[in-house]
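Chemist: Sending over a structure as structure tokens; questions will come in a sec.
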């Protein structure tokens with residue numbers, strides 16, 4: 001179990017917080033209900049989506065089933081990758097970031113696979129993902145000279161998301177930011193023809 005303790009603890013913590021909040025939202029709020037935490041820019045807003053992270057959709061019943069099955073396959077792949085990284089003793093930060101991504105993906109799979117049955121509104125694999133964090137920090141109108149969106153209203157940040165989505169996003173961003181640290185190339189030293197050390 002050496003090397004697995006912290007990643008597993010992180011995964012368990014994210015899953016516990018994610019599912020506890022989602023179940024509380026499902027059992028204490030009605031769909032569309034919201035209340036303000038910090039003025040108008042941090043709102044708990046109960047919504048559900050049939051698709052991907054941040055409320056993106058993937059059409060129809062077949063699309064929903066396909067997405068759920070894809071998520072399961074993706075989580076299995078991420079889980080194997082996490083196991084590989086731990087076994088090969090990769091950078092601890094990389095391992096923890098991948099653990100965050102794994103936990104987030106698994107958290108949303110639980111909704112997709114089981115919530116329909118648990119809350120009696122759909123069959124297995126056809127559940128909806130519960131979202132609640134809404135940060136409409138900036139609101140305004142695009143200038144008319146902006147292509148496509150000129151004159152239209154905008155809200156930043158519009159998508160409503162959950163702890164699982166946040167864990168995935170933070171994990172991905174940290175990997176991108178620290179990739180040079182996580183994926184340092186090993187310097188291979190060889191002895192040259194005149195007995196000098198050559199680095200490759």
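Chemist: Would you mind ranking 126, 83 so that the residue whose beta carbon has the fewest other beta carbons within 10 Å leads the list?
Modeler: With the sparsest Cβ surroundings first, the list reads 83, 126.
Chemist: Next question. Once you put a point 7 Å from the Cα of residue 158 and another 7 Å from the Cα of residue 119, both along the Cβ direction, what distance in nm separates them?
Modeler: 2.4
Chemist: A further question follows. Measure nothing but the geometry: give the 0 to 90° angle between the long axis through the Cα atoms of 163-177 and the longest principal axis through the Cα atoms of the chain, rounded to 10°.
Modeler: Approximately 30 degrees, to the nearest 10.
Chemist: Still on this structure: Can you compute the FRET efficiency between residue 138 and residue 173 using 1/(1 + (r/R0)^6), with r the Cβ-Cβ distance and R0 = 25 Å? Round to the nearest 0.05.
Modeler: Working from the Cβ atoms, E equals 0.80.
Chemist: Compute the length gained on full extension between residue 34 and residue 181: take 0.36 nm times their separation in residues and subtract their Cα-Cα distance, giving the result in nm to one decimal.
Modeler: So the chain would gain 48.8 nm between residue 34 and residue 181.
Chemist: If you don't mind, another one. Among 99-107, 66-74, how do they line up by average Cβ neighbours within 10 Å per residue, starting with the highest?
Modeler: Top to bottom by mean Cβ count within 10 Å: 99-107, 66-74.
Chemist: To continue, here is another question. Counting each DSSP H run of 4 or more residues in the chain as -39500 (n - 2.57), what helix-only mean residue ellipticity at 222 nm follows after dividing by all residues, to the nearest 500 deg cm²/dmol?
Modeler: -15000 deg cm²/dmol
Chemist: Obtain the nm distance between the two label points defined at residue 146 and residue 89 by a simple spin-label model: each point lies 7 Å from its Cα along the Cα-to-C-beta direction.
Modeler: 5.1
Chemist: Evaluate Rg over Rh across segment 99-152, taking Cα atoms for both radii and Kirkwood's formula for Rh.
Modeler: Across segment 99-152, the Cα-based Rg/Rh ratio is 1.29.
Chemist: Hey, another quick one. To make sure I understand, if each residue's beta carbon is the centre and we count other beta carbons within 10 Å, what order do 172, 98 fall in, fewest to most?
Modeler: Starting with the residue having the fewest Cβ neighbours, the order is 172, 98.
Chemist: Sort 90, 30, 84 so that the residue with the fewest other Cβ atoms within 10 Å of its own Cβ comes first and the one with the most comes last.
Modeler: 30, 84, 90
Chemist: Where is the GNM fluctuation largest for the chain (alpha-carbon springs, 10 angstrom cutoff): 130, 75, 141?
Modeler: Most flexible of the set in this elastic network: 141.
Rule-based calculations on the coordinates, nothing more; no lab input. All figures in this text were calculated on a predicted structure; none of them were measured in a lab. Please note: Cβ atoms are built from the backbone with ideal geometry, for glycine as well, and neighbour counts cover all protein chains shown.
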